[in-house]
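Below: one structure, written as structure tokens.
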Amino acid sequence: MLVDGEGKRVRYDASEDQQLLRETTRRFLEARSPVSEVRRLLEDPVGFDPRVWREGAELGWASMFVPEAFGGMAESASGAMDAALVAEELGRVVFAGPFLPTNVVAFAVAEAGTEAQRQRVLPALAGGELVATWCFAGTGLSPGTRPVGVRATTAGHGFVLTGDSGYVQDAHVADLFLVTAATETGLSQFLLPAATEGISVTPLDALDLGRRLSDVRFDAVAVDGTSVVGAVDGAADHVERQLQLALVLQCAETVGVVDRVLEITVEYAKDRVAFGRPIGSFQALKHRFADHAMWLEAAKAVTDHAAAAVQLGAVDAAIATSLAKSHVGRSATEITRDCVQIHGGIGVTWEHDLHLYVRRAVSNEALWGTPAAHHERLCDLAGV
Amino acid sequence: MTTNVDDKTEHVDTDEERAFRLRARRYLSSAGLPPRVPNEPVYQWDDDGFVARDRSIQRALWDGGFAGITLPVEYGGRGLPDRFDTIFVEEARPYRMPWAFGVNRNVIIPPMLAHGSEALKRRFIPPMLRGDHIWCQLLSEPSGGSDLAGLLTRATRDGDVWLLNGSKIWTTGGNHADYGACLARTDPDVPKHAGLTMFVVDMKQAGMTVVPLRLADRSAHFCQEYLDDVVVPADDVLGEVNDGWRVATTMLMYERAAIGRGWDYGKERAARAAEHLSLSTTVVDVVRRAGLASDPHVRQLLGEMWVLEALMQLTPPRVAAGMASGALSGHAAAIVKLMSGKVGARRTALLSELAGPLGVAAPPDGDVPFAVREAGLERVTLHNIGGGTGEMQANTIAERLLGLPREPSPDRELPFNQLAHNAAPPAPRAQPPQDR
């Protein structure tokens, strides 16, 4: 975003491989999935272009957490950091596609899945042929930072899942659900085909026009023991790491949204003339731009840190991701909203792309835990 | 940052670097340096003992061959690559560094190397490294700080010397400085930027009156100077006559860059290694003792405070890395500078909200771990004004980093003496304010 340097870089110390990944991703998105795609797909039943998603998968978008033995490149990638880098590029075009849920499920299965689950699922996820999503948050006003909606009780050799999961991305077209459920003494996770009897999906009216969200109901869904991912009652640590990864990818995407919106708005302020001079020469706007650039730089710093912490499995990864979510979520909404204000009337028209970005920013602030929910979580983490 | 917080970069040392590291470690442990005390104020210019101690610390660094590690040998330095400086900083962490020499190191020597004559560099850099000379910057004036190029101090030529008249203000350490880099107007008949010259001024002369300033928060870190026919030999010009703005710009760039990467010999850089994202335990303790730990509103305030602290920990290293890699220009330091002001103000507001009435009045002998009364004032005043106001930082970010156009203004084309300006400062006060 900054004009005197290579503003393309989110990480000033990114490796050459990461630079290449970023540039390849950006070129691909410019050619195959510019922001106008959101409009083209408005009435599309899927909501994203499966061909584009598969082509993205060929670039490695879903391979970062999948081991080489299963067709991925986890060994040579820096998982969360590389995925964050792609997510940021996706944010710049308000990408429509199952990047976050597919990667989180791939991560979960690679980490904790049985050999059979890994063989069955990971190659198809890495190849973009299967779409998976994660049923984690509760519905309605539940906090978004804890799995509260679904219970699983033992029944014979299997389990019965009952309850509701909310705000599940791309559930309407997903092939697979990873479900986090409360069991007798802890958390457990299950990997289910979407077609399993008793599962019903209710699409939500979503603010974000490039992203489909649904509530998913589990009505006495019977599953056998082979669908369990990881230890029964012992999945809490994995669930926590999945949440951290989701937060990192969401924050990175939001950073991309803000980066692009600020770029668009700075250009507009240089071109648009009022009172005989470019509106960007007025100090009343300049100081707002300076604040926005500053908070964006902070958003990049805190997101980079969170990505590195999650990648390294650092002890403060939970803290780092909640700190990132609070700042990135809140500042993105404020900055994008003010960029609309700087545009004036043109900024509130349907034809202008700004609202597509604002919708993504506002949605990302609210999903996976609001800043307020993460402040609560931070106090819990600090033992306050 | 996310792994062991005390990690040094020892594992990447070459043999030569390793030898240097061990030599530094050995010397530092035997040189009788005082330990670094956490939370010790960086500057205590109103404390003579503090400044004297810093002079002896700088001298000890010189004696050990660790002053001016990266500076050219001909000016008393060691001529080593930056890497050796990093190694030294790592090894020096347990010890107090000569903070009073931070101005020399961060903002005087770099522009002197860039613009100074050979004679000037040979004459003035070695005494700084030896601990003999403390320098100050004589830039801002009572008539204006942000509009630095609009300054009123005049320099007139009188035979072999220049005579300087006017007043300077907000000078860090002016009362202890031996020399000052003083920007003064040498030609009022040209536009303001074109008629300035940077002089080397002997601070210990009769015409120079230095008065410590007491700030609203009771601190006394700054001085005001009154220049009454201050004499400067004709050769003691840093850069060329009437080219002082270029020198000042270099100086301000280095100042911001130093703030961005962490002030050398300062608290920030010393503390850099201790980054971990912890919430201030003091604040948590107070909240707990007040029985407010489960109050939802208080928990929101604590969460936000933690976020702000993290941003201030994580953003400067990111900006510094950007500047070091060349991806960002030195102007990017304005981001960090602006942020410290904004975050400081918000943090103080959060503390005030947490402290409630206890933040404005408390028993004199009471145990109030975060008395926001004076600290709050200090944070707001110093961070968003000192070293360039937040507004100037915002202009720098908008114009230099984002490329937004300047506002039209008459002061770039008109001769200085045709511009409106504030009144010249009053004469020196008869009595300096009493010490605390």
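Assorted remarks:
- Verdict on B:Arg218 being surrounded by fewer than 23 Cβ atoms within 10 Å (Cβ to Cβ) and either in contact with a Lys or Arg (Cβ under 7 Å, 6 or more places away or on another chain) or in a loop (DSSP other than H, G, I, E, B) (or both): yes
- Filter pass, B:Ser278 being facing chain A (nearest Cβ under 10 Å), of a type in the set (Ser, Thr, Tyr) and touching an Asp or Glu at 6+ places or on another chain (Cβ under 6 Å): no
- Residue match in region B:323-340 (condition: within 18 Å of A:Asp380 (Cα to Cα), at pLDDT 85 or above and aliphatic (A, V, I, L, M)): no
- Filter result for B:Ser294 (at the interface with chain A (Cβ under 9 Å from one of its Cβ atoms) and either within 27 Å of the chain's Cα centre (by Cα) or over 18 Å from A:Asp291 (Cβ atoms) (or both)): yes
- The condition (being over 21 Å from A:Ala317 (Cβ atoms), of a type in the set (Gly, Ala, Ser) and touching a Gly at 6+ places or on another chain (Cβ under 8 Å)) is satisfied by just one residue among A:Gly256, A:Gly280: A:Gly256.
- Between B:Val298, B:Val343, B:Val336, the distinction of being more than 30 Å from B:Met251 (Cβ to Cβ), of a type outside the set (Asp, Glu) and part of a helix (DSSP H, G or I) belongs to B:Val298 only.
- Note on region B:218-239: residues that are in contact with a helix residue (DSSP H, G or I) (Cβ under 8 Å, 6 or more places away or on another chain) and acidic (Asp, Glu) amount to 2.
- Number of residues in region B:309-333 that are in a loop (DSSP other than H, G, I, E, B) and either more than 22 Å from the chain's Cα centre (by Cα) or of a type in the set (Asp, Glu) (or both) equals 2.
- Flag if A:Ile335 is more than 7 Å from chain B (Cβ to nearest Cβ), modelled with pLDDT of 95 or more, within 26 Å of B:Thr389 (Cα to Cα) and in a helix (DSSP H, G or I): yes
- Options A:Gln311, A:Gln341: the member that is touching a helix residue (DSSP H, G or I) at 6+ places or on another chain (Cβ under 8 Å), crowded, with 18+ Cβ neighbours inside 10 Å, over 14 Å from A:Asn364 (Cα atoms) and among the polar types (S, T, N, Q): A:Gln311
- Residue, surrounded by the fewest Cβ atoms within 10 Å (Cβ to Cβ), within region A:194-231, restricted to residues that are in contact with a His (Cβ under 6 Å, 6 or more places away or on another chain) and in a strand (DSSP E or B): A:Pro203
- Criterion applied to B:Phe124, B:Phe84, B:Phe88 was being aromatic (Phe, Trp, Tyr), in contact with a Phe, Trp or Tyr (Cβ under 8 Å, 6 or more places away or on another chain) and under 23 Å from B:Lys204 (Cα atoms), and the one residue passing it is B:Phe124.
- A:Ala298 vs. criteria crowded, with 24+ Cβ neighbours inside 10 Å, within 14 Å of chain B (Cβ to nearest Cβ), part of a helix (DSSP H, G or I) and without any contact (Cβ under 8 Å) to a residue 40 or more places away in the chain: yes
- Selected residue [within 14 Å of chain B (Cβ to nearest Cβ) and in a helix (DSSP H, G or I)] from A:Ile342, A:Ile346: A:Ile342
- Residues in region B:301-325 that are facing chain A (nearest Cβ under 7 Å) and either basic (Lys, Arg) or farther than 20 Å from A:Trp295 by Cα (or both): B:Arg318, B:Ser325.
- Meets criteria (at pLDDT below 90, in a loop (DSSP other than H, G, I, E, B) and away from chain A (no Cβ under 14 Å)) for B:Tyr254: no
- Filter result for A:Ala320 (in contact with a Ser or Thr (Cβ under 7 Å, 6 or more places away or on another chain), surrounded by 24 or more Cβ atoms within 10 Å (Cβ to Cβ) and not hydroxyl-bearing (Ser, Thr, Tyr)): no
- B:Gly260 within 14 Å of chain A (Cβ to nearest Cβ) and either modelled with pLDDT of 95 or more or in contact with a helix residue (DSSP H, G or I) (Cβ under 9 Å, 6 or more places away or on another chain) (or both): yes
- Of all residues in region B:159-174, those being surrounded by 24 or more Cβ atoms within 10 Å (Cβ to Cβ) and without any contact (Cβ under 8 Å) to a residue 24 or more places away in the chain number 0.
- Scanning region A:35-74 for residues that are surrounded by 18 or more Cβ atoms within 10 Å (Cβ to Cβ), part of a helix (DSSP H, G or I) and under 20 Å from the mean Cα position of the chain (by Cα) gives A:Glu37, A:Val38, A:Val52, A:Trp53, A:Gly56, A:Ala57.
- Residues within region A:163-190 that are assigned to a loop (DSSP other than H, G, I, E, B), more than 16 Å from the chain's Cα centre (by Cα) and under 18 Å from A:Leu243 (Cα atoms), tallied: 0
- For region A:363-384, the set of residues classified as crowded, with 20+ Cβ neighbours inside 10 Å, away from chain B (no Cβ under 14 Å) and within 22 Å of A:His292 (Cβ to Cβ) consists of A:Ser363, A:Asn364, listed by residue number.
The values are calculated or read from the model by the stated rules, or taken from the named source; none is laboratory data. In this text, all values refer to a predicted model and were calculated from it rather than measured experimentally. For neighbour counting, all protein chains shown are included, and Cβ atoms are generated from backbone atoms with ideal geometry for every residue, glycine included.
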